[in-house]
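One structure is given below, encoded as structure tokens.
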Amino acid sequence: MAHTPVNHPARPIYRAIGGLTGLYLVAFGALGLIASAGNELLAQDGTTVLGQGTNLGFSLLSALLGAAVLAGTAIGRNVDVTINQWLAYALLALSLAGLAFIRTEANIFNFSVVTVVVLMVVGLVLLMVAMYGKVGTDEEQDAWQKARLVL
């Protein structure tokens, strides 16, 4: 993505926001695993955690995605940018699919409207973090600055 900033001055802040987002996903997943322990994997029983509908499957998925975000944040070196970008796209697609199937039997993750909204916000935050977290050489930063001034 040549149009994204390289070595943005607020890069550490965006990286911290990405880490906090990963922590939220892990915490939500862990609380969901506790709340839905003993239930079926894709139960649609109305279990809620932090006001969001969930089940054992979605709680496990949230914990794994949060762990991936945290691992990317710990590694850095643009690995976090790639992980955050692709997980953001996946979360946005998952939230839209959840919204489409919210009142049907296809609602396998027991989503509620609140879950959809939170997933959309988390996806957008991860996308923002990916856009401003790119690290590069001085030459790449100079090329980005020159391209930015041409616009």
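Some observations on this one:
- Protection proxy ranking for 33-39, 109-115, 133-139, 14-20, using the average of other Cβ atoms within 10 Å per residue and placing the highest first: 109-115, 14-20, 133-139, 33-39.
- Cα long-axis angle, helix 138-150 against the chain (0 to 90 degrees, to the nearest 10): 90 degrees
- Electrostatic bookkeeping for Arg11 treats Lys and Arg as +1 and Asp and Glu as -1; over the other residues with beta carbon under 15 Å from its beta carbon, the sum is 0.
- If you wrap the chain in the convex hull of its Cα atoms and look at it from every side, the mean projected area works out to 9.4 nm².
- Estimated at 0.36 nm per residue, the fully extended path between Met128 and Leu20 surpasses their Cα-Cα distance by 37.5 nm.
Read the figures in this text as sums done on the coordinates, not as results from a lab. Computed from a predicted structure; not experimentally measured. Using ideal geometry, Cβ is built from the backbone for each residue, glycine included, and neighbour counts are taken over all protein chains shown.
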